[in-house]
1. Taking every eigenvalue of the Cα gyration tensor of region 209-253, multiplying by 5 and rooting it, what semi-axes result, largest first, whole Å?
2. Over the alpha-carbon set of region 67-121, work out the extent along each principal axis and list the three values in angstrom, largest first.
3. Work out the FRET efficiency for ARG336 and ALA261 from their Cβ-Cβ distance, taking R0 = 22 Å, and round it to the nearest 0.05.
4. Given a 1.4 Å probe and heavy atoms of the protein chains only, how would you sort ASP248, ASP33, largest accessible area at the top?
5. Among PRO269, PRO297, ALA309, which residue has its Cα positioned farthest towards the positive end of the charge dipole of region 246-313, with +1 placed on the Cβ of Lys and Arg, -1 on the Cβ of Asp and Glu, and the dipole taken about the Cα centre?
6. Considering the options TRP166, MET183, ALA198, tell which one lies farthest towards the positive end of the dipole of the chain, charges being +1 on Lys and Arg and -1 on Asp and Glu at the Cβ, about the Cα centre.
7. Can you list residues from other chains, or at least 5 along the same chain, whose modelled amide H is less than 5 Å from the amide H of LEU39?
8. Which entry is the computed Cα extents along the principal axes in Å for this structure: [x] 65, 45, 45; [y] 59, 53, 45; [z] 64, 53, 34?
Amino acid sequence: MSPRPLPRKVALVVGARGVIGTSLVSHLVELGDWDVVGLSRRGGVDQDRVRHVQVDLLDRDDVAATVGRLTDVTHVFYAAYQDRATWAELVQPNLTMLTNVVDVITEAAPGLAHVSLMQGYKVYGAHLGPFRTPARQDDPPHLPPEFNVDQQAYLEGKQRGSAWTWSALRPSVVCGSALGNPMNLAVSIAVLATISKAHGVPLRFPGKPGAWTSILEMTDAGLLAEATVWAATTPACANQAFNITNGDLFRWDDLWPRLAAFFGMESAPPLPLSLEQAMADKEETWDRLVQEHGLLPTPFADVSSWPFADFVLSWDYDVFADGSKARRFGFHRHVRTEQMFLDIFEDLRSRRIIP
């Protein structure tokens, strides 16, 4: 007798069009034993084993009507995010979106096995200023407001007494090649280089002086996708949080000239400036480059994450975490950060996003 096939896993990827969600959907498809439903505000084009659903996660009735029909979901991968002007204003929309999805899916899907929550170093206060490094998962909390902490507290409370489990993934800055996202540093650097080259100037580091030599780390979107699925499907990882990083450290003063070389550019001494302000009048330059080089007609807004780039490049203190817990639990993948950036730039070039 042939063995009975294992029941098929059905993933609900919330925030499927973001830099994290895009890589996660691709990885699940590559694994071959998942069906995927992607939730997002923009929707998407359905493909083999991937169905996109457009939904307003802040609208409980809309979530109930759409997610409530997904009765076969076994795993939720939550990577949605809405930006707001202040840390306090981030709490309400981001907590509401999570609670709307989880409240509905736990009632609708009797076979639910796991809910994966995407977090970040805001849990450790990295966004507020210098913090203890390397950050560890059991570090003490900081004063609220912090939506990541509130989301995890909700998830822990919701899970008590239930058969399903949760996990929380805490990456550093996530880099990928997805467009139209408010937080994509690699694309911002690629566009900064492209526009700088068009104006005949070297690629200057625009961040704070102290950020030039701070110790940092990044998280490749593909590596994060692998770690997220690993944590969601490994029993030992149930109800645990994990820092997920590339596994190496860097300083911009060493890496920046290497990134400039990819674009055939010289680097020059850092010159602090606001990219949000400096790029405010560069849409015309971008549109001209698209025409001259026969690039895909990508709106400037879809390749611009200038406030986020300004934020990350202003870190004049060390930002890194201890990733050894994931290794102790069995996840050993790593990525060389320099190569990650170069691979993303090459992907953007091959897709004719940049010249």
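1. For region 209-253, the ellipsoid semi-axes come out as 29, 11, 6 Å.
2. 38, 21, 10
3. 0.90
4. Listed by decreasing accessible area, they come as ASP33, ASP248.
5. Final value for the positive-end residue is PRO269.
6. Positive-end residue among those listed: TRP166.
7. Residues meeting the amide H criterion: VAL13, VAL14, GLY15, ALA16, VAL53.
8. The listed entry that was calculated here is [x].
The values are calculated or read from the model by the stated rules, or taken from the named source; none is laboratory data. Everything numeric here is computed off the predicted structure, so don't read it as measured data. Using ideal geometry, Cβ is built from the backbone for each residue, glycine included, and neighbour counts are taken over all protein chains shown. Accessible surface areas use protein heavy atoms only, side chains included; no ligands, DNA or RNA. Shrake-Rupley method; radii C 1.70, N 1.55, O 1.52, S 1.80 Å.
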